[in-house]
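Participant: Below is a structure I'd like to ask you about.
Where a number appears in this text, it was derived from the coordinates with a stated rule and is not lab data. Predicted, not measured: the structure shown is a model, and the values here were computed from it. Cβ sites come from the backbone with ideal geometry, for glycine too, and all protein chains shown count toward neighbours.
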Amino acid sequence: MKNKRGWMRILEATIAVLIVSGVMIAVYSGQIASEDTTSQYFYDLQNGVLDGISSDIDLRLAVLNVVEEDLSDGNFSRLNDFVEGKIPISLDYSIRVCDLSAESCKMDNDTYISTLGKEIFVEEAIVSAEVGAGIDAVYNPKKVRLFSWKIGDDIGGCVSECSVGGSVLSCSGLNVVSKTCGEFDDDECLEYGEAAFVKTCADGCLGGECVVGGGAVAGTRLVCRGTQRENQVDGLCVSNFDDECTNAGYDDGEDTGGGCGWFRDEYSCWNYVKVTGECAGTPVCPSGYPTEVSREDCVMS
């Protein structure tokens, strides 16, 4: 009888081990599947965007003719508009256009800092030349590198800014263009499709409308950031200053070298000084404020 009880206990223990092992394997396999699905999603999305650039004559020419990686450069702005229309609003992105001879084609410093702690997915495509109709061929090899990352924690959660059938008018240079809302890809999220030409404005375009009368023309107003600091707070005791400072509404922060126990250090947090420029046709940031923070349409007389 005693031997029977012993074998029963061994059998129960064996079954318990098998159950625990099965649960652990299922959880681990689910994690791997989730990681593979996310990576494949970004791979398909980014390569689809880059294929769209590589196969479009106007976008290829835009790549080859980019001078400054800034929205004030019409060619770079055209590329950015195309990518923006393809990336779901639950994600964020950054694009670089670099010479093939460039040693690196990395994120700019501000974008790198703002994405610390996030998983970044990167793909690139090479555009070497555009022969067009066989005349005025352009040969200026460059590579387009697309960085993208999740804004939130769930890639499957759609946060849509449009509704089916809805459309918006916007400006592309002097042209009024229309974007229609719908489901144009495989992510089950609503997004605006490619821009369709509506009309060309004689004087200027602002907010999807032609600007007329009084000689007024469309312009842009920039908000630019300098390296000077303001509203600095010292001696904050935190474990991750990048998140803690930005979550508290500050622009940046740094380790001040003091420790305060149990994986916590002292940091300073601060805001950068910003200036708002005048409304201009081709605005640039003033001396001492090299980094563009934002821009908005405006009308200048």
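Participant: Using Cβ counts within 10 Å as a stand-in for footprinting exposure, how do VAL284, VAL176 rank, fewest first?
Facilitator: Going from sparsest to densest Cβ surroundings: VAL284, VAL176.
Participant: Which pairs in the list LYS86/LYS106; LYS118/LYS150; LYS106/LYS274; LYS86/LYS199; LYS118/LYS142 are over 18 Å apart, alpha-carbon to alpha-carbon?
Facilitator: Those over the limit are LYS86/LYS106; LYS106/LYS274; LYS86/LYS199; LYS118/LYS142.
Participant: Here's another thing I want to ask about it. Suppose the chain between ASN175 and THR227 were pulled fully straight at 0.36 nm per residue; how much longer would it get relative to their current alpha carbon spacing?
Facilitator: Difference between extended and current length: 15.1 nm.
Participant: How would you rank LEU146, LEU59, LEU174, going from fewest to most other Cβ atoms within 10 Å of each one's own Cβ?
Facilitator: LEU174, LEU59, LEU146
Participant: Kindly state, to the nearest 0.05, the FRET efficiency for SER101 paired with LYS274, given R0 = 35 Å and r defined as their beta-carbon distance.
Facilitator: So the FRET efficiency works out to roughly 0.50.
Participant: Listed highest first by mean packing, meaning other Cβ atoms within 10 Å per residue, what order do 73-80, 291-298 come in?
Facilitator: 73-80, 291-298
Participant: Quick one: grab the alpha carbon gyration tensor of the range 44-146, order the square roots of its eigenvalues as a ≥ b ≥ c, and give me rounded if a/c is under 1.5, else prolate or oblate depending on whether a/b is larger than b/c.
Facilitator: prolate
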